[in-house]
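Inspection log for the structure reproduced underneath, given as structure tokens.
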């Protein structure tokens, strides 16, 4: 079945603006830079793509276990796959929280996963002087949500020539992310993705506004739904972020139904022992069943 393309509606207050793009290729087919990224994989071209892995690089054994299992699942289900893990966690609530094994050690392990499993890999970059270094090891530079407006970081990431995935800040709207896209494009890079990861709701919760998916697709970029960070409960008095992992499937299914191009799911064999974001990661053993459901849902809506 061919996916139908409709004009997108952007709502401002009580008014509605109808937005018609010159073409709808960004809705109907995968962008060429993603096809190039997944050229070593066999997959269903109508599928969503998956960005998944443990939150932070804890050990080689952990990365290997997750990459081995998730890559096999994705191959069976025809899902193109990007392995994700952060070589450094610069944004932690408490100064005592684990931040990583060291930049070179973490990046080297990601490169080893890339070479061993023939997978593209992604990780966060936090400052403009990190971009060139990280680009030597990874395929997709991820801009953390809190840094989505950092012009020097966005330009530095763009100038590497790598794909840049910008997470929408919890404090900004989907339509306002056009400025992040423009900064990267003006730096000479049109390989941009945007990721929805929830909106601040009070001090200690997030909500997902699914209107942001089509609103951000207007800018001719693939849009990803972060199904795990969008369930965070930040700013806890304990200094450890909470979460609602039991709702990961709900967030993912709604995102597919809404037309998300990709899904971001952090996963760990034992989230209770994870050194970062354990409260909102999906247990690795639960991933396969969820992806099977999502593939069926995608087939129904595409």
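No value in this document is a laboratory result; all are computed from the given coordinates. These figures come from a predicted structure and were not determined experimentally. Cβ: placed from backbone, ideal geometry, glycine included. Neighbour counts: every protein chain shown.
Some notes on this structure:
- Gain upon complete extension [residue 299, residue 257; 0.36 nm per residue less C-alpha separation]: 14.1 nm
- Percent of beta bridges antiparallel (DSSP, region 31-301, rounded to nearest 5): 10
- In this label model, residue 152 and residue 200 are separated by 2.3 nm, measuring between points 7 Å along each Cα→Cβ vector.
- Annotation: for a label point projected 7 angstrom from Cα along Cα→Cβ of residue 273, residues of region 48-70 with backbone N closer than 19 Å are 53-70.
- Relative contact order (percent, whole number), region 140-211, Cα cutoff 8 Å, 6+ residue spacing: 32
- Cα gyration tensor category, rounded, prolate or oblate, for region 31-301 with a/c compared to 1.5: rounded
- Relative contact order of region 31-301, taken over Cα pairs closer than 8 Å and 6 or more residues apart, is 17 percent.
- Peptides 274-281, 119-126 ranked from most to least packed, by the mean per-residue count of other Cβ atoms within 10 Å: 119-126, 274-281.
- Cα-based shape type of region 141-195, given that a ≥ b ≥ c are square roots of the gyration tensor eigenvalues and the cut on a/c is 1.5: prolate
- Once the Cα-Cα distance is subtracted from the 0.36 nm per residue extended length, the residue 176 to residue 108 segment shows a gain of 21.0 nm.
- Between the C-alpha center of region 35-96 and that of region 168-190 there is a gap of 24 Å.
- Global form of region 183-302, assessed from the alpha-carbon gyration tensor, a/c cut-off 1.5: oblate
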